[in-house]
Amino acid sequence: MGFPRGRRRLVVAVAALLAIVAVAVIVHRVLAPAEVSTEARGTYPAAAQPAVGVVGRLPVAPLIVDSRLRVYAAHRQVYADRPVDGRHRTSPYWSYRRWPAELTGVVASGRTVVSRWSDGRLVALDASTGRVLWRADGPVPADDGTVVRRTGAATVWDPSGLYLTDLTDGRTVLVVTGDTQARGVELAGGRELWRVDLPGDCRSDVGTTSGGQLIGVDNCAGPATVEFRDAATGVVRERWRPPSGPDELVATPLGCRTGWSDCPGLRTSGPGDAGGRGWLLGAGEPTAAPALDASGSTLAGDQAITVLDGVAVGRSARSGAELWRVGGMGPARVLAVQPGRVHLLTDANDLVTLDPVTGTQLSRFSLNVGRDGTGWAPGAVAASDGYVAVERLREPVDPDGDDQRYYLTAEALVLAAT
C-alpha cells in the first residue's frame, strides 16, 4: 500500500529541495571565501647553533625567520617548521591558509611575518605563535610574468612589489606596490601611513634603500629617471638620472639586507649592458662608486667585492682603495652577501665564506648532501642569519623545462650554515 499520488509528489519535491539545500551548503563551504589559522602548540624554539657545513635538503625554499624558524610558501598557504637547522622539512609548527586568494609574497622582520595575497590583502603573523597580528588592504599585485615554480623561491625570496625598510626613528615600514598604486604600512600594528596613485606600467619599483626610501624607475615622460620616495610619507624626495646615462635604464639594488629590501647601493645600466655604473645611496643624490661598476661586483657593508681569475678582492666602496685579496679558489663568483659575510661559489660547488672587512676565510666546504653530488648549477639563492639556501638545477639548465627537468632532485634546495 503506497502513498496517494498527491502526497507522493509532495514527498519527492521535499526530498529534491533538501538535496538542493545540502548541495548548496557543501558548495558554499568549499567555495566561499575563508581563512584557516592553525596556531603553534609547541614551544617557540631557541636560536640554533649548527656546526658549519651542509645542514640538509628541502623540497621548498625556506625564509629564515628570527634565526629560529623556516617559513615556506604554498599556493594558498604560508607555514613554518622547526628547528631551523632540521635536516628535512617537518610537520608545520603553524599554518595560515586563505581561499580562494593565492599567496603572492612573504617578507619578515624580527618576529613578524607578512603575507600578501592575490586580492591585495595583507596578513601579518606572529612568528612565535602563528597568531594573526593584523590584516590590511593593499593594492592588487601587478602581473609581472614571474614564473613561480614548485620551490616557491620567487614568493619568499623575491616577492614582487613587497618591501621592508627601516626609518631613522626606529619604525619599520612595509611598502606595497601594484600597477597603479603604492601604500606604506607600519609593520607594528598595520596602520596605513600613506597611499599614492601610480601612472601604470611605464614605471616600476625595484627595492628600498637602507635609509628609508622606495626606489622606482620612471619611464613615463622622456628618458628614464630614478625616483626615491620617502617610505614614511610617500612623497618623492629625489628624482635623479645618472650623468650621461642611457635613455632606457636598468636599476639593480646592491647589498640588500634581504631580498630587495634595505639596500645601500645601486647599479645603473642600459638594457643588455654587461657592466654599468655603481652608486652608494644616502639622503641626497647617489654617490658614484666605481668599485661597483663591474657586473660581477657586489656590495657587502662598506666593501665592494669582486672575483676575477680566481682571486677575490675587497675594496672600499667609497674610495676604491684595495683592502684585501684572497686567491687560490679557482674559477668562482659571488653567490650572495649578508651582514658580516660574503659567500662565493667555486666551479666545483664549494661554498667559500669570507669576512667582507678583512677577507678572512670563515668557512669552506662542498655543497653536497647525501649522494646527490655536486654536478648541478645554482638557481635562486638566499642568505640570512648565517645560513645560505641554494636551488640546485639540473645541467644543462633548461629554463623552459618543467619542474622535474628543471630541478636536480625532488628535494632541490640545499641549506648550509656558514
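The values are calculated or read from the model by the stated rules, or taken from the named source; none is laboratory data. From a predicted model like this one, the values you see are computed outputs, not experimental measurements. Here the Cβ positions follow ideal geometry from the backbone for every residue, glycine too, while neighbour counts run over all protein chains shown. With ligands, DNA and RNA removed, areas are computed over all heavy atoms of the protein, side chains included. Shrake-Rupley method; radii C 1.70, N 1.55, O 1.52, S 1.80 Å.
Couplings 3J(HN,Hα) for the range 307-323, derived from phi with the Karplus relation 6.51 cos²θ - 1.76 cosθ + 1.60 (θ = phi - 60°), are 10, 9, 6, x, 10, 8, 10, x, 10, 5, 5, 7, 9, x, 5, 6, 9 Hz, where x marks Gly and Pro. Loop only by DSSP, 12 or fewer other Cβ within 10 Å of the Cβ. Give me the chymotrypsin sites (Phe, Trp or Tyr not before Pro) in the range 88-181 that pass, ordered by residue number. The qualifying sites: there are none. Mind jotting down the distance between the C-alpha centroids of the range 174-216 and the range 385-415, whole Å? For the range 385-415 versus the range 174-216, the Cα centre distance is 31 Å. Our summary gives the chain a relative contact order of 11 percent, counting only alpha carbon pairs under 8 angstrom and 6 or more residues apart. Summarising the amide proton neighbourhood of VAL236: residues at separation of 5 or more, or on other chains, whose placed amide H is nearer than 5 Å comprise ASP230. Amide H contacts under 5 Å for LEU323: GLY314, ARG315, SER316, restricted to partners 5 or more places along the chain or on a different chain, H placed in the peptide plane at 1.01 Å from N.
Taking θ as phi - 60° and the Karplus parameters 6.51, -1.76 and 1.60, the scalar couplings of the range 408-413 work out to 5, 9, 5, 9, 7, 8 Hz in sequence order, x denoting glycine and proline.
Write down the Kirkwood hydrodynamic radius of the range 206-312, to one decimal in angstroms, obtained as one divided by the mean of 1/r over all alpha carbon pairs.
On the way: mean 1/r = 0.0713 Å⁻¹.
Here the Kirkwood hydrodynamic radius works out to 14.0 Å.
What a 1.4 Å probe finds exposed on the chain is 51% carbon and sulfur by accessible area, rounded to a whole percent.
At a probe radius of 1.4 angstrom, the accessible area of the chain per residue rounds to 46 square angstrom. Taking amide H atoms as placed 1.01 Å from N in the peptide plane, the amide H of LEU133 lies under 5 Å from those of ALA124, LEU125, ASP126, each 5 or more residues away in sequence or on another chain. For the chain, the longest principal axis of the Cα atoms and the long axis of helix 5-31 meet at an angle of about 10 degrees. Taking the alpha carbon gyration tensor of the range 378-418, multiplying each eigenvalue by 5 and rooting it gives semi-axes of 22, 9, 7 Å, largest first. Computed from backbone phi with θ = phi - 60° and the Karplus coefficients 6.51, -1.76 and 1.60, the 3J(HN,Hα) list for the range 280-289 is 9, 9, x, 6, x, 5, x, 9, 4, 9 Hz; x is used for glycine and proline.
For the chain, what is the per residue volume of the convex hull drawn over the alpha-carbon atoms, in cubic angstrom? Show your work: numbers first, answer last.
Working: hull volume 83.7 nm³, N = 418.
Enclosed volume per residue, from the Cα hull, is 200 Å³.
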